[in-house]
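Only one structure is covered here, and it is reproduced in the block below.
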């Protein structure tokens, strides 16, 4: 768990060594399990959009371990969650979830102390950008795949997914960041 | 919390098809179905998808949850947006058209005017064929593909080894993390935590999830460093990776790959060379409403 917080070294944003492999795998599995556990919460009237507290996991793994880990956590995690739930294999939604983790990961280069106000504000910004882009890619791909019109895409797919994602992300991400700051300091490894 | 995969060996024809050939075929169908709105081409793709789905020998009981989700999507897109409001047909179906009930119709003693056109109804049929073709192909994957095969499949399809191994590893972590999740949930409940009894405003309700999410996430991260160290000690990533689960192409896999390539190429040529990309209504369909 050595990172800038304890070592003062600059982060390598695109590193993908053994640590990142394990973090990404753990993140994806965690995202799948928590999504699956909360799958009973669905938004009525939306295009099968679930209320997902777990969406904060790819965001957090992106912030903590970089864009590749964030992307894999969202991408693979969503594949696994859909597999566990029996929902099939929807690559464009998996990609969208990957982007939700990727964008906060890009911000990880400028986030040094997880419990500082500035870091939390940057992370919150990344949540909004990541959710907009990720859910945008996934929702708008429905126009290509299903031939859905723009109104359906916006009101049945994009808005329910985007709004719930940012609500969960904005509230839970700072909580996880502060908890992680304490874990990093305490571990001292 | 018992986590189980939906896959089981059924000795179906699908169980004997190489996963790489399956993914190549699945994506060929996806691109074929989305390349055109021509009803004849979409019907052909739909029939191919039905045949492919039947190879999995899946029962309704196996897949009903996935179909329930797809039926909600179909209802929103087709019934509400294409048939009722007409918005779903915008941009594909030209404006105007032939009304099915030009004089309106009577129902429960009242007279209704409903602007559904013959063209929009045909578009709904085309939309149904396209979405069902894609759904039939992709919904069956988790039920018919062994979870041990994903890592090696993506690796052999060209994904970098580390990325493919990440996928493999995440499958293995699922049961452990599900158990940790349940243990944490039980421990928090013993302290009076109730997930469904959240009180307060929206933010307070969302924060109620934190006592569950934080310990599970932090425990997972702390344990991951030990796993990474163990992998490093065993020389992870030093040489090209070998896989315990081996894949082997048989003649029928090559036949499927060739068929996928021919199907996609033919449909792309029909769509872009012979102007069969756009939506059209066959004459016999108009005849049904005379």
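Every number in this text was worked out from the coordinates using simple rules, so none of it is lab data. Computed from a predicted structure; not experimentally measured. Glycine gets a Cβ as well: all are built from the backbone with ideal geometry, and neighbour counts include every protein chain shown.
Computed quantities for the displayed model
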item	result
Computed log₁₀ I(q)/I(0) - Debye formula, equal Cα scatterers, no solvent, the range A:70-143, q 0.14 Å⁻¹	-0.47
Additional length obtainable on full extension of the chain from residue B:252 to residue B:51, 0.36 nm per residue less Cα span	70.8 nm
Residues in the range B:129-146 that a label on residue B:59 would reach, taking backbone N under 16 Å of a point 7 Å out along Cα→Cβ	B:143-144
Chain B - Rg over Rh from alpha carbon coordinates, Kirkwood radius	1.08
Cβ crowding within 10 Å averaged over residues, with A:71-81, A:92-102, B:35-45 ranked highest first	A:71-81, A:92-102, B:35-45
Label-zone membership for the range B:244-282, site residue B:16, 7 angstrom Cα→C-beta point, backbone N under 13 Å	B:250-253
Cα pair distances of the protein assembly as shown binned at 20 Å [whole percent]	22, 51, 24, 3, 0
Value of Rg to Rh for the range A:4-187 (Rh from inverse mean 1/r over Cα pairs, i.e. Kirkwood)	0.98
Shielding by partners, peptide B:137-144 (average Cβ within 10 angstrom, other chains)	4
Principal axis dimensions, largest first and in whole angstrom, of the range A:126-189 by Cα	53, 20, 14
Average beta-carbon neighbours from other chains, 10 Å sphere, peptide B:167-180	6
Degrees between helix B:39-54 axis and first principal axis of chain B (Cα, 0 to 90, nearest 10)	40 degrees
Cα-based helix-to-principal-axis angle, B:118-139 vs chain B, degrees rounded to 10	20 degrees
Packing-based order for B:63-70, B:164-171, using average beta carbon neighbours within 10 Å, highest first	B:164-171, B:63-70
Gain on full stretching of the segment that runs from residue B:71 to residue B:259 - 0.36 nm per residue minus C-alpha separation	64.7 nm
Listed peptides A:58-69, B:272-283 by packing density, highest first (mean Cβ within 10 Å)	A:58-69, B:272-283
Calculated SAXS-style log₁₀ I(q)/I(0) at q = 0.16, 0.25 Å⁻¹ - the range B:192-290, Debye, Cα scatterers	-0.88, -1.19
Partner chain coverage, peptide A:141-154 - average Cβ within 10 angstrom	6
Translational diffusion coefficient (Stokes-Einstein; Kirkwood radius from C-alpha pairs) of the range B:151-233 at 37 °C, 0.692 mPa s, in µm²/s	215 µm²/s
Where N is the number of residues in the range B:94-190, Cα Rg divided by 2.2 N^0.38 Å	2.07
Degrees between helix B:60-74 axis and first principal axis of chain B (Cα, 0 to 90, nearest 10)	60 degrees
Residues residue A:182 and residue B:207, FRET efficiency given R0 of 22 Å [Cβ-Cβ distance, rounded to 0.05]	0.80
Theoretical FRET efficiency, 1/(1+(r/R0)^6), r = Cβ-Cβ of residue B:148 and residue A:163, R0 45 Å, to 0.05	0.75
